[in-house]
Amino acid sequence: MPEGHTPAHFHAWVWLTWMTTILLCVSLTRNPLYLVVVWLCVAIVHAAGGMGELAGGNAPLPFWLSLMVVPFGAIFNAFTVHVGERVIFILPGQFPLLSGKITWEAVVYGATNGLALSVILLAFWVFNRNVSIPSFLHMLPRAFHSIAIVGSIAITFVPLLQREVHQIQEAQAIRGNNLSGLRNKLALLLPLLVSSLEHAFQLAEVMTARGFLQSSVSSNQTVWRGAFLGGFGLLLGGWLSRFWGLPGWAANLLFGGAMALFVIVVLATTRKVRYTVYRSTPFRLRDALAMSGCACLLIFLLFQSFVLSAPRLAYSPYPVLRLPPFEPWVACLLLGTLSPWLMAAFQKHDSVS
Amino acid sequence: MRPRLLERLMSDLVILSSTLLGCFSFLYPFFFPNFEQTPSPAGIRVSEMPLTMTLILGLCVLAMLFESQQSTANARFVALMGVLVAMNSVLRYIETAIPGPGGFSPIFFLIILSGYLFGAKFGFLMGAMTLFVSAILTGGVGPWLPSQMFTAGWVGMSAAMLFPITSHLGWHGKAGETVVLAIFGAVWGLLYGAIMNLWSWPFLIGPSDQYWQPGISFSQTLTRYGVFYLVTSLAWDLGRSMGNVLLIVTLAPVTLRVLRRFRERFTFVYLAAEV
């Protein structure tokens, strides 16, 4: 088992699926009742903590910060947007932006947008807390191995840079050089840049000596470039068909085709890249189960929005405020975002009993 | 020779197409005024737009990264970029911890110089990877990341266009070079904010003279966006713009000398003499 990966932790792919599902939920609905359900699920997963490689408990600050966005959104929208039928009061005077009728519609619209933003902020906080940097880089497809290596070098180089900065500061202090002021910072920046580039040169020599990139240069570049161009054509077609009022399925078909072309190129290139795994993270049954709850919801959202083009999740308080529609079975499906917490709770229960 | 020419042409086409499509996905409110924003059964389309934009920009970034990484199919450039991205990420980390005035950000300095000296693909990767790595380091991964990566990539990519100009004018290593780079940094300081605003502007609701509404003409859209930008963003973006100018004027001449010296070393190729 890799260092820092205990049985209580979930695989990074679980968190990626969870994150994607949350984002899709928030992007497709502005129904405050459904958003409250999603927010509660994310808050429970956040509060539980201890389910990721980096988890060390739940931090209350992001929770409260994300929650503050809701009243802020409501107040800001109420005082800047004077649209709606149900008037709370009228702000007199000639204050630019602010004067005019303050409506319940604007309050609800602002609070709903704030709630959506709150869910996004909290969910990304949970994601960032639960997925370690190596796991994040490991999720990149092998077709992007150069990019992943650039990322790895950059991340591992950061502590070296810090050490280098301290050494240069000490050396300059011994020489009596004052490092305050922007121009004086050159005495810090230049040695740092030169020594870093020297490190890069040495690293490159080592990588070349070990045969880096010797086997992975793509040979079908014209083919995959052609596929990308085809994908761009399909994307443009899908985008334009949305604006020209063509049926929703036509646009979705074109978008789907474009995505399929991109995925095929990435997969085909990935297969040609040879690699060595130093630390493997197994994908276990509990990971699959935790992922399945989110995956079911993801499939439902994709199907009902992009295949059926059904406005089931749509809601707007304008022009007249009315109660948002609420279907209990949709809310139950949204509870799928709780699946990592549920799996962790079951596991904890089993280990205790 | 012909296959290489075809490959070059295809490569340029991929870059051009993804750039144009990226621009298009940012600028669509200007060209499609009839897009429905009113709440109705068609209102579902409004809620889909951020997702569609993220999808299109994500795929464009993916294609650009895929294409640009061909330019780093060399251990030296991979190591060089890794180190430069690390330096920039540390700068962004410091900026996150100790925010500068307005939108000041020190990351554009190295992105501009890298694109200028090492070429468009390197510049794009430098911009995109800086945002990507620093987002990982600072816990800033979010739906805004593809558009940030794309826009920062454009900064680096477009900086490469300055090189032939300064070369033609014979300004390499002279004050003129610094002036050109400083103007470029100032323009991008404002443009970066203006492009990033477009991400959310069509979905915001506010005073009718500042916000987008369906059915308005191209000139009205442009005027409203101009007013919105002046009211909400100009002061903030001026901080970034002035910061870029200050950093370039103060640090660029010396940094360029160092980078040029290392560019010679990184592109050095040993050819064995024929026996």
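Here, each number is a calculation from the coordinates, and none is a lab measurement. Here the structure is a predicted model, which means the values were calculated and not measured. Cβ sites come from the backbone with ideal geometry, for glycine too, and all protein chains shown count toward neighbours.
Quick rundown of the values:
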{"read-out": "Degrees separating the helix B:145-159 axis from the principal Cα axis of chain B, which is the longest one", "value": "50 degrees"}
{"read-out": "Extended-chain gain in nm, criterion 0.36 nm per residue less alpha-carbon gap, residue A:272 and residue A:75", "value": "65.4 nm"}
{"read-out": "Average other protein chain Cβ within 10 Å of Cβ, residues A:191-204", "value": "6"}
{"read-out": "In Hz, Karplus ³J(HN,Hα) per residue of segment A:31-38 (6.51, -1.76, 1.60; θ = phi - 60°; x = Gly, Pro)", "value": "7, x, 5, 5, 5, 5, 4, 5"}
{"read-out": "Simple spin-label estimate for residue B:187 and residue B:5 in nanometres, 7 Å along Cα-Cβ", "value": "3.2 nm"}
{"read-out": "With Cα atoms, 0 to 90° folded angle of helix A:221-243 axis to chain A main axis", "value": "20 degrees"}
{"read-out": "Ordering of B:252-261, A:285-294, B:56-65 by burial proxy (mean other Cβ atoms within 10 Å per residue, highest first)", "value": "B:56-65, A:285-294, B:252-261"}
{"read-out": "Partner chain coverage, peptide B:6-14 - average Cβ within 10 angstrom", "value": "4"}
{"read-out": "Mean ellipticity per residue at 222 nm, deg cm²/dmol - from DSSP H runs of n ≥ 4 across the protein assembly as shown, formula -39500 (n - 2.57)", "value": "-23500 deg cm²/dmol"}
{"read-out": "Residue A:190-residue B:267 pseudo-label distance in nm [points 7 Å out on the Cα-to-Cβ vector]", "value": "2.4 nm"}
{"read-out": "Distance-filtered residues of segment B:123-162 - backbone nitrogen under 15 Å, label point 7 angstrom along residue B:171 Cα→Cβ", "value": "B:159-162"}
{"read-out": "Inter-centroid distance (Cα atoms) of segment B:155-220 relative to segment B:239-275, Å", "value": "24 Å"}
{"read-out": "Estimated inter-spin distance, residue A:346 and residue A:285, nm [label 7 Å along Cα→Cβ]", "value": "1.0 nm"}
{"read-out": "Residues residue A:327 and residue A:163, FRET efficiency given R0 of 60 Å [Cβ-Cβ distance, rounded to 0.05]", "value": "0.55"}
{"read-out": "Sequence ranges A:164-177, B:148-161, A:15-28, ranked by mean other-Cβ count within 10 angstrom, highest first", "value": "B:148-161, A:15-28, A:164-177"}
{"read-out": "Within 10 Å of each Cβ in B:52-61, the average number of Cβ atoms from other chains", "value": "4"}
